[in-house]
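Just so it is clear, none of the values below were taken in a lab; they were calculated from the coordinates. Keep in mind the model is a prediction, meaning the values are calculated, not measured. As a convention, Cβ positions derive from the backbone with ideal geometry for all residues, glycine included, and neighbour counts pool all protein chains shown.
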Amino acid sequence: MKNYIAIFREPDGRQGAHTEQEVAAHRENWSKWFAEWGAKGKLAGGSGLTLTGRIIKNGHATEGIYQVGTEIVGGFLLLKADDLDEATAIAASCPIYEFDGYAEVREMQQ
């Protein structure tokens, strides 16, 4: 098996207009998704990211996170898959798309 990273980009949640019920259903869908793929041994780690941080350019740090419009990197997952097609299928089945997010899947260098 090979190692892949799925990088999740999504609209900044502080600017969304989702109801509490929608957010609760979204979290439940993530929980089910994690349970399914975790049981199959396809998840090797990952995390959501906070909305605070620093950007460092040319040795100088500024407060804030990288955004393009309202889009941010919201989290990442480490995947175990036989090939890029399988890693893509795993990422394509996740709930990130419910709130207009998307994923980038890339093989990790050995």
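Structure values in brief
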{"quantity": "Leading residue by the ranking (farthest from the chain's Cα centre (by Cα)) among those in the stretch 31-46 that are at positive phi and part of a strand (DSSP E or B)", "calculated": "Gly45"}
{"quantity": "The one condition in (1) of a type outside the set (Ser, Thr, Tyr); (2) under 16 Å from the mean Cα position of the chain (by Cα); (3) closer than 16 Å to Ala103 by Cα that Glu28 fails to fulfil", "calculated": "(3)"}
{"quantity": "Tally of residues being under 17 Å from Ala39 (Cβ atoms) and more than 13 Å from the chain's Cα centre (by Cα) across the stretch 69-110", "calculated": "4"}
{"quantity": "Some residue of the stretch 38-48 being in contact with a Leu (Cβ under 6 Å, 6 or more places away or on another chain) and either free of Cβ contacts under 8 Å to residues at least 12 places away in the same chain or among the hydrophobic types (A, V, I, L, M, F, W, C) (or both)", "calculated": "yes"}
{"quantity": "Residue in the stretch 5-19 that is among the aromatic types (Phe, Trp, Tyr), in contact with a helix residue (DSSP H, G or I) (Cβ under 8 Å, 6 or more places away or on another chain) and assigned to a strand (DSSP E or B) present", "calculated": "yes"}
